[in-house]
Amino acid sequence: MVEEFNVMPSMEHYACMVDLLGRAGLLREANEVVERMPVMPNECVWGALLNSSRIHKNASVAEEVATRIFELDVEKKRAGSYMLLSNVYASCGRWDDSARVRDVAMTNGIRKSPGWSWIELNERVFTFMSGEDLPSCMEDVYWMLELLNWGMDGEAPINGGGIFNPG
């Protein structure tokens, strides 16, 4: 990058490299990229490695990375890092550790922000949260969500016992 294109690697470049190597299962190589960075890695870089340890169910790497994330400034800590570590433990069958991490996050007042979903329908984008009621004016969105759900469940979308038809 530097020699051929005169581009200095940014934090995002390092995070991408760590993510690519980690997703490929090359956790040791991903960690070496982090350790050799000329600047202090931020939570995005560490988070990429933490996510890779979740994908490959490697609790020892996850614990080491989480420790590094939790050493960062308090403002930089995110609920996602706690939830990711909790999920690593759960995927490894370490349920007590998973619950402990979630308890620590709650004790420290760290809460997970609700996720938003987006759907585009008739060249309009609609956003909503899980469990949130959609306004009645969004009938086409209801129909599309039923159709998508049907595709995932393999059951016909229904409304009041009949096939749902938006008209």
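Results, tabulated for the structure shown:
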{"item": "Scan of the range 17-55 for residues that are farther than 26 Å from residue 90 by Cα and either out of contact with any Lys or Arg (no Cβ under 9 Å at 6 or more places or on another chain) or hydrophobic (A, V, I, L, M, F, W, C) (or both), ordered by number", "result": "17, 32, 33, 35, 36, 37, 38, 39, 40"}
{"item": "Wholly enclosed helices (runs of 4 or more DSSP H) of the range 1-120 bearing at least 2 residues open to solvent by 60 Å² or more (accessible area, probe 1.4 Å)", "result": "2-5, 11-23, 27-35, 43-55, 59-70, 95-107"}
{"item": "Residue check, residue 127 in a strand (DSSP E or B) and surrounded by fewer than 17 Cβ atoms within 10 Å (Cβ to Cβ)", "result": "yes"}
{"item": "Set 85, 20: member being of a type in the set (A, V, I, L, M) and either on the phi > 0 side of the Ramachandran plot or at pLDDT below 95 (or both)", "result": "85"}
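The values are calculated or read from the model by the stated rules, or taken from the named source; none is laboratory data. These figures come from a predicted structure and were not determined experimentally. With ideal geometry, Cβ positions are generated from the backbone for all residues, glycine too; neighbour counts draw on all protein chains shown. Only protein heavy atoms, including side chains, enter the accessible area calculation; ligands, DNA and RNA are left aside. Shrake-Rupley method; radii C 1.70, N 1.55, O 1.52, S 1.80 Å.
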